[in-house]
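Below is one structure; the comments refer to it alone.
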Amino acid sequence: MKILVISDTHRYLKNAEDLIEIYKNDISAVIHLGDLVNDAEALINKYSGFNFYYVAGNNDYDKSVNYEDIITIQSKRILITHGHRQRVNYDISNLGAWALQKDADAVLFGHIHRPVREYYGSVLMCNPGSISLPRSTVLPTFGILDIDFENGIDFSVMAYMGNGNVKRLSRF
Ligand SMILES: [Mn+2]
């Protein structure tokens, strides 16, 4: 099953909305990795038909929303966090070690506005970049998390070119 992963919308929702329109018939869930909780909740209010998971970021102050969660999908443990509390701006290996300790199969994080797809031991570390304010890429980016019993978990980093067009960034 496919899950749309977005992060760091920072009050600009047009691209995120476009992506949900593009993928709504193919995905079983949307994950928003923080900044801002209000954005995630606006999307939840606007769309239905899939599960929606989200966490709080460093620009979120709503204490009722968790900074991290573990969600289990097809028996895989997916740790979701914005990442600022694991100081991912400095070194993402802290986050990898923490995820390994929590027995996660994958950890999804945002905050740095740069896409990542790499392993820390057995843990797949995934960052979709920012769908609104990209830093390391010209185009806004997002991720597609693919989980199935036979092939396990994989994560594709995707770019949004506008007007409903997406492409996979094969260097990740
Ligand atoms: Mn942030």
### Message
If you scale each eigenvalue of the Cα gyration tensor by 5 and take the root, what three semi-axes come out for the chain, rounded to whole angstrom and sorted largest first?
### Response
21, 18, 17
### Message
Pairs of alpha-carbon atoms within less than 8 angstrom and 6+ residues apart define the contacts here; what relative contact order does the chain have, in percent?
### Response
21 percent
### Task
Starting from the Cα of Asp146, step 7 Å along the direction of its Cβ; do the same at Asn165; then give the gap between the two resulting points in nm.
2.3 nm
### Message
List the residues, sorted by chain then number, that are 5 or more residues from Gly83 or on another chain and whose placed amide H is less than 5 Å from its amide H.
### Response
Gly110
### Message
Using Cβ counts within 10 Å as a stand-in for footprinting exposure, how do Arg114, Arg171 rank, fewest first?
### Response
Arg171, Arg114
### Task
Could you work out, for the range 70-166, what percent of all Cα-Cα pairs fall into each 10 Å distance bin, beginning at 0 Å and stopping at the bin that holds the largest distance?
17, 47, 29, 7, 0
### Principal semi-axes in Å for the range 41-110 [√(5λ), Cα gyration tensor, largest first]
22, 17, 9
### Task
Using just the helices of the chain, give the 222 nm mean residue ellipticity in deg cm²/dmol: DSSP H runs with n ≥ 4 each add -39,500 (n - 2.57), and the total is spread over all residues, rounded to 500.
-5000 deg cm²/dmol
## Note on the structure
Using the Kirkwood formula on alpha carbons, the hydrodynamic radius of the range 1-58 in angstrom works out to 11.1 Å
### Simple Cβ-charge dipole of the chain, Lys/Arg +1 and Asp/Glu -1, about Cα centre, in debye nearest 20
360 debye
### Message
Taking θ = phi - 60°, what integer Hz values does the Karplus form 6.51 cos²θ - 1.76 cosθ + 1.60 yield along the range 117-126, in sequence order, with x for Gly and Pro?
### Response
8, 7, 9, 10, x, 8, 8, 7, 9, 10
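Any read-out appearing in this document is the output of simple, stated calculations on the displayed coordinates, not a laboratory observation. Keep in mind the model is a prediction, meaning the values are calculated, not measured. We place every Cβ from the backbone using ideal geometry, glycine too, and count neighbours over all the protein chains shown.
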